[in-house]
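Undergrad: Once you've had a glance at the structure underneath, I'll fire off some questions.
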Amino acid sequence: MAIANRVPFALCVPIWGVALCGVVLSVIDYEHRRLPNQLVLIVGSLGLLTVVTRCSVDAFLSSAVAATSTALAFGTVALASQRSFGTGDAKIAASLALTTGALGWSTWLQSLLFAALFNAVAAVVILAVYRSGSRKFAAGPGIIAGALLAICLN
């Protein structure tokens, strides 16, 4: 994989852990519309490990700002529209922002852009297939896929 050629091994470990947990969380969210707090906590812990392995003040600051602003934005959306966007989605977005923020501003911004794009496409497909707005879909897999794609591209 391209990421292994550009990233030191110590940084690959938490990133691969985030990817593994992300796949598991995506399946769980798709099946049950829930994101277990224990797994979200593991993703957040791996994000902190990413910050520590970067060993720079810039990584710490960008990660802190990314996670805080993501938590505020997604948390506000989750509280404002409780039926369409859950707090689990907000928590996983903030946890992933720790990792993407530690890798740089562009990675974090790309992860948000890709997450919005993936979820928009999923919403359009569901509307086209079911022809009604009452069908719910899991936003977590789109958020996770967006973060993983941004990590792989940077």
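Undergrad: Please turn the phi angles of the range 48-61 into ³J(HN,Hα) values with the Karplus equation 6.51 cos²θ - 1.76 cosθ + 1.60 (θ = phi - 60°), one per residue in order, whole Hz, x for glycine and proline.
TA: 3J(HN,Hα) across the range 48-61, in whole Hz: 5, 5, 4, 4, 5, 6, 6, 6, 9, 5, 4, 5, 5, 5.
Undergrad: Among the trypsin sites (Lys or Arg not before Pro) within the range 42-136, which fall in a DSSP loop and have no more than 13 other Cβ atoms within 10 Å of their own Cβ?
TA: Passing sites in the range 42-136 are 83, 131, 135, 136.
Undergrad: Multiply the residue separation of residue 113 and residue 154 by 0.36 nm, subtract the distance between their alpha-carbon atoms, and state the gained length in nm to one decimal.
TA: 13.4 nm
Undergrad: Follow-up question, since we're still on this one. Taking the Cβ-Cβ separation of residue 84 and residue 38 as r and a Förster radius of 35 Å, what is the calculated FRET efficiency to the nearest 0.05?
TA: Efficiency computed from Cβ-Cβ geometry: 0.90.
Undergrad: In the calculated pair distance distribution of the range 7-153, what percentage of Cα-Cα distances lie above 25 Å?
TA: It works out to 23 percent of all Cα pairs.
Undergrad: Could you grab the relative contact order for the range 7-153? Cα pairs under 8 Å, six or more apart, rounded to a whole percent.
TA: Relative contact order of the range 7-153: 28 percent.
Undergrad: Under a plain spin-label model, where a point goes 7 Å from the Cα along Cα-to-Cβ, how far apart in nm are residue 129 and residue 12?
TA: Going from the residue 129 label point to the residue 12 one covers 3.5 nm.
Undergrad: In which sequence would 100, 76 go, from the one with the fewest C-beta neighbours within 10 Å to the one with the most?
TA: Ranked by crowding around the Cβ, least crowded first: 76, 100.
Undergrad: To make sure I understand, if each residue's beta carbon is the centre and we count other beta carbons within 10 Å, what order do 25, 48 fall in, fewest to most?
TA: Taking fewest neighbouring Cβ atoms as first place, the list is 48, 25.
Undergrad: If you don't mind, another one. For the residues 79, 96, 109, what sequence is obtained by ranking on other C-beta atoms within 10 Å, fewest first?
TA: Exposure proxy ranking, most exposed first: 79, 109, 96.
Undergrad: Counting helices only, and only those DSSP H runs with n ≥ 4, report the 222 nm mean residue ellipticity of the chain as the sum of -39,500 (n - 2.57) divided by its residues, in deg cm²/dmol to the nearest 500.
TA: It comes out at -28000 deg cm²/dmol, rounded to the nearest 500.
Only the coordinates and a few stated rules stand behind these numbers; no lab work does. These figures come from a predicted structure and were not determined experimentally. With ideal geometry, Cβ positions are generated from the backbone for all residues, glycine too; neighbour counts draw on all protein chains shown.
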